[in-house]
Every structure is written in structure tokens, then in C-alpha cells.
1. If you roll a 1.4 Å probe over region 132-247 with all protein chains in place, what percent of the accessible area is carbon or sulfur?
2. Based on the Cβ-Cβ distance from Lys231 to Thr155, what FRET efficiency comes out when R0 is 35 Å, to the nearest 0.05?
3. Give me P(r) over region 152-310, computed from all C-alpha to C-alpha distances, binned every 5 Å, as integer percentages.
4. Starting from 0 in steps of 10 Å, tell me what percent of the Cα-Cα pairs of region 191-238 lands in each bin.
5. Which value, in Å², gives the accessible area per residue of region 110-231 when a 1.4 Å probe is used on the protein heavy atoms?
6. Pairs Lys41/Lys256; Lys238/Lys283; Lys231/Lys283; Lys133/Lys238; Lys234/Lys310; Lys59/Lys238: which are spaced more than 31 Å apart, C-alpha to C-alpha?
Amino acid sequence: MRLSVMVFGLVCVCALVIGTATPLVQDDEDVRGAFLTTRPKDKPVSSGTTAKPSHRKPKPSGGTNNPGSGSSSSNPGSNHPDKQVDKKPNKPGPSSTPSTPVNARRLGLGVTLFMRDSNGLAVRVDPNHVFQKGDRVRVVLETNTDGYLYIFNTTDDGPATMIYPDAELDEAGNYLQAHVPFEIPSSVSTDERLRWFAFDQVAGAERLFFVFTREPLSGIPIDDDLIALCKESKCPVKPSTEVWEAVQKQMQEPLKTDKAQEFGDAQTASEKQATSRGIGLSKEDPPPSLVMMASSRRSTLVATLDLIHK
């Protein structure tokens with residue numbers, strides 16, 4: 001089997017089970033509460049525009065880009081007033097241990113898996129659900145602070161391929177704002193075939209790696225650098241040995257998790273608006289089905305999505 005979604009150049013996808021290379025740590029801490037406390041109390045005021053915010057790297061306050069970090073457009077700003085601004089160090093190399101501000105919150109990632117029901121609605125589904133041929137799913141991600149999202153895919157433990165950022169999506173950017181949901185694939189695609197991951201008849205072992213960082217990964221092109229690289233027919237991008245070893249090492253860091261016990265509810269109108277228009281979620285919106293928090297204030301969080309298809 002080969003994992004694919006048309007928007008990412010993929011073709012068939014399998015069932016999803018969240019995990020990491022080491023057992024996830026569950027303790028008495030209120031993981032879900034710690035994640036949701038940074039959501040604003042009220043829904044941020046919408047500007048009325050239907051355009052999504054830029055996912056390109058924000059420009060430094062001085063208006064100049066960091067050398068070698070990829071071009072960027074103007075700072076997209078924030079869609080929620082309760083955002084904590086982290087002081088960002090210089091871009092680290094993938095194998096380095098960058099300093100993290102002492103007041104920086106621990107990185108958190110929320111994951112909700114939606115499945116298309118018989119009426120075409122997106123309903124929450126347990127990641128442990130066994131999917132069959134013809135099933136269609138979509139993943140919605142939410143972070144608790146601003147940062148950069150990378151998604152890599154492996155098939156049968158083979159070489160890793162980067163599927164996000166993508167030169168044909170979000171202007172090749174991968175910058176996410178805190179609590180502004182990001183969906184894969186996009187529900188607002190003009191082509192119905194591009195709105196869902198689809199399961200075909202071919203079984204296989206797929207794994208998605210979600211890498212969320214405070215600063216861009218060194219050695220991975222984004223923004224205009226990625227667009228230029230793909231114009232040279234050098235896409236899809238495969239991470240260097242150094243980068244991939246750093247990702248594998250970070251996977252050894254335990255995550256604190258909290259998983260919902262009930263599924264089946266349809267995506268709300270408010271959630272749809274947030275994902276399609278880039279509006280931040282508030283405390284009144286449904287929480288993610290699965291919340292993963294880093295156990296320390298490190299600069300990178302790595303989680304995996306195992307894809308099992310029967």
C-alpha cells in the first residue's frame with residue numbers, strides 16, 4: 001500500500017492509531033486542562049474576511065529575514081488575544097539543543113480524527129477504529145502555541161518523505177498559530193476527491209510523523225525555498241540523515257496524553273468556520289479528541305500516527 005491524498009500527492013490511506021516510539025506517559029496531571037487553559041475565553045472577533053491567515057514564517061520585528069531560513073510574507077498576526085509570545089532563539093540545527101525561554105509553555109498538540117458518515121458529515125471517530133475500503137477520514141490539528149509543523153510519512157518502515165509543508169499548499173509555509181485549527185486534507189478544497197484521505201483495498205503499514213517546533217528545522221526548505229526546489233523537480237523532499245536522526249531521538253521523549261472516551265459527534269459549525277477561515281478556537285468549542293503534551297519545556301514535540309488498514 002502507498003499512503004496518499006491527492007493534495008499531498010498520496011493515494012490510499014489506512015486506519016489511524018496515535019502513538020510514539022516509546023509508551024506514552026499518563027499521570028495525574030490534568031493534561032487536557034493544561035492544553036485548553038491557553039484557549040481564549042471568548043471567540044476571537046472575526047474580521048469578516050474569508051481568507052486564511054498566512055502560514056509563512058513571520059518576519060522578525062526588524063523586518064529582515066533570518067539568513068537561510070526561507071523567504072516569508074508579512075506576519076500574519078494572531079487570531080486570539082490570550083496568546084503567549086515566546087522569545088525565539090536563533091534557528092537551531094536539527095541535532096542541537098536550542099535554548100528555550102524559561103517562561104515558555106510546554107508544547108502541546110491536539111488531534112481530532114473525523115470520518116465521513118453516510119450523509120457526508122464529518123463525525124468524530126476513535127483513532128483505534130478499524131477502517132475498511134471506501135472509508136474517508138480527515139485529521140484536524142491544534143497547537144497550544146505558535147510554531148512550525150512538519151509531517152513526514154514512512155511506508156513499511158521505509159525511507160521518510162515530507163508531505164507537509166508542500167509547495168502546492170499554503171504557499172509552502174508551515175507556520176501555525178496557537179489554537180487556530182489546521183486540517184489535513186482541507187475541507188474547502190474545490191475538488192471533493194481532495195477533501196478526504198481515502199482507504200482503498202490495499203493493506204500496508206503507514207506512519208505519519210508530526211513534528212512541531214518553536215523554530216524552523218535547519219536543513220528543511222520552507223516558503224520560497226521549497227517552491228524553488230520543487231520547480232527544479234527535487235520534490236518530494238526527503239529529510240537528511242541528520243534531520244531524521246534528530247526526529248527519531250526526539251521521539252524517545254515521553255508525552256503526557258489524554259484521550260476522549262466518547263466519539264460520534266459531528267463537527268460543529270463553529271469548528272468548521274475556524275478551520276476554513278483560520279479563526280482561533282475558544283474554551284466553548286469542543287476539545288481535541290486526543291491531547292498530547294510534552295513532559296518538559298523542550299523546543300520540539302514529536303508524535304506519530306500509525307495507519308492500520310484491514
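1. Working: 2110 of 4400 Å².
So the carbon and sulfur contribution to the accessible surface is 48 percent.
2. On the way: r = 26 Å, r/R0 = 0.74.
The calculated FRET efficiency here is 0.85.
3. All Cα pairs, binned at 5 Å, distribute as 1, 7, 13, 18, 21, 20, 14, 6, 1, 0 percent.
4. Bins of 10 Å from zero give 17, 30, 40, 13 percent of pairs.
5. Details: 4270 Å² over 122 residues.
Each residue of region 110-231 exposes 35 Å² on average to a 1.4 Å probe.
6. On the way: Lys41/Lys256 24 Å; Lys238/Lys283 38 Å; Lys231/Lys283 42 Å; Lys133/Lys238 29 Å; Lys234/Lys310 33 Å; Lys59/Lys238 26 Å.
Flagged as over cut-off: Lys238/Lys283; Lys231/Lys283; Lys234/Lys310.
The values are calculated or read from the model by the stated rules, or taken from the named source; none is laboratory data. No experiment lies behind these values; they were computed from the predicted model shown. Note that we place each Cβ from the backbone using ideal geometry, even for glycine, and neighbour counts take in every protein chain shown. These accessible areas exclude ligands, DNA and RNA; they are computed on the full protein's heavy atoms, side chains included. Shrake-Rupley method; radii C 1.70, N 1.55, O 1.52, S 1.80 Å.
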